[in-house]
Amino acid sequence: MKKIIVIGCPGSGKSTFAKSLHEITGIELFHLDMMYWNSDKTVADKSVFLERLSNAMAKSEWIIDGNYGSTMELRLQACDTVFFLDYPSDVCLEGIRERRGKPRTDMPWIENADEEDTEFIVFVKSYNLEYRPQVLTLLEKYSEKDIFVFKSRKEADGFLSKMRI
């Protein structure tokens, strides 16, 4: 386990899981949101995003957390281990509600505690029907990788607890 990706619906806890994995393994952690977004909530130029991602992936070890479908296959090709947080939509929506208004190391700004991004919520609600099947198809294509699929936070936490021993 040297090149790891953590994927799943927004709000599933990818960054939290990846941080714990980083603390346990000491492997450098990269957040796709920090590569993609600027602090003023604008999107980085695609060439800048890809350069940031390439620089991270050029290292001998890494943990990369985030979905970004346009680069998922690239990351799947390069990784040796995949963690897919495959949770129900209501769990992810609760995760989003809980993190609003709190500083995060995986985002270059603090989300407004009182403001709900309707478009983002619609995306999260549709993730399991629209995007999850694409992820599962890619995971099947790269089935030679070490793939861990967790169906609940309890499963993911249990895995991390065993790693700490």
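The values are calculated or read from the model by the stated rules, or taken from the named source; none is laboratory data. It should be emphasised that the depicted structure is a prediction, and the values quoted were computed from it without experimental measurement. Ideal geometry is used to build each Cβ from the backbone, glycine not excepted, and the neighbour counts take in all protein chains shown. These area figures cover heavy atoms from the full protein model, side chains too; ligands, DNA and RNA do not enter into them. Shrake-Rupley method; radii C 1.70, N 1.55, O 1.52, S 1.80 Å.
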Give me the percent of the accessible area of the chain that comes from carbon and sulfur atoms, probe 1.4 Å, all protein chains in place.
-> 52 percent
Can you pull out the GluC sites (Glu not before Pro) in the stretch 1-90 that DSSP calls coil and that have at most 14 other Cβ atoms within 10 Å?
-> Glu28, Glu61
For the stretch 68-140, report the accessible area per residue in Å² (1.4 Å probe, heavy atoms, rounded to an integer).
-> 56 Å²
Exceeding the 18 Å Cα-Cα cut-off - candidates Lys2/Lys59; Lys41/Lys125; Lys19/Lys162; Lys14/Lys151; Lys46/Lys141 | Lys41/Lys125; Lys46/Lys141
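Give me the dipole magnitude in Debye, nearest 20, for the stretch 27-98 about the Cα centre, with unit charges on the beta carbon: positive for Lys and Arg, negative for Asp and Glu.
260 debye
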Quote the accessible area belonging to Asp90 in square angstrom, nearest 10, computed with a 1.4 Å probe and with ligands, DNA and RNA left uncounted.
-> 100 Å²
Can you list which of the chymotrypsin sites (Phe, Trp or Tyr not before Pro) found in the stretch 96-165 are DSSP loop residues with at most 16 other C-beta atoms within 10 Å?
-> Trp109, Tyr142
Show the residues, 5+ positions off or on another chain, whose built amide H is closer than 5 Å to the amide H of Ala44.
-> Trp37, Asn38
Got a sec? Charge dipole of the stretch 40-163, +1 on Cβ for Lys and Arg, -1 for Asp and Glu; which of Ser89, Asn55, Val149 is way out at the positive end?
-> Val149
Based on DSSP H runs of at least 4 residues, each adding -39500 (n - 2.57), what is the mean residue ellipticity at 222 nm of the chain after dividing by all its residues, to the nearest 500 deg cm²/dmol?
-> -14500 deg cm²/dmol
For the stretch 1-128, what does the alpha-carbon gyration tensor say about shape, rounded, prolate or oblate, given a ≥ b ≥ c as the root eigenvalues, a/c under 1.5 as rounded, and a/b over b/c as prolate?
-> prolate
Cα centre as origin, Lys/Arg/Asp/Glu Cβ charges: the stretch 80-165 dipole, Debye | 380 debye
Quote the charge dipole size of the chain about the Cα centre in Debye, to the nearest 20; the model charges only the Cβ of Lys and Arg (+1) and of Asp and Glu (-1).
-> 460 debye
Determine how large the accessible area of Met163 is when every protein chain is in place; take a 1.4 Å probe and give Å² rounded to the nearest 10.
-> 50 Å²
Where the centroid of each part is defined by its Cα atoms, how far is the stretch 116-149 from the stretch 8-22 in Å?
-> 14 Å
If Lys and Arg each add +1 and Asp and Glu each add -1, what is the summed charge of the other residues whose beta carbon sits under 15 Å from the beta carbon of Ser143?
-> -3
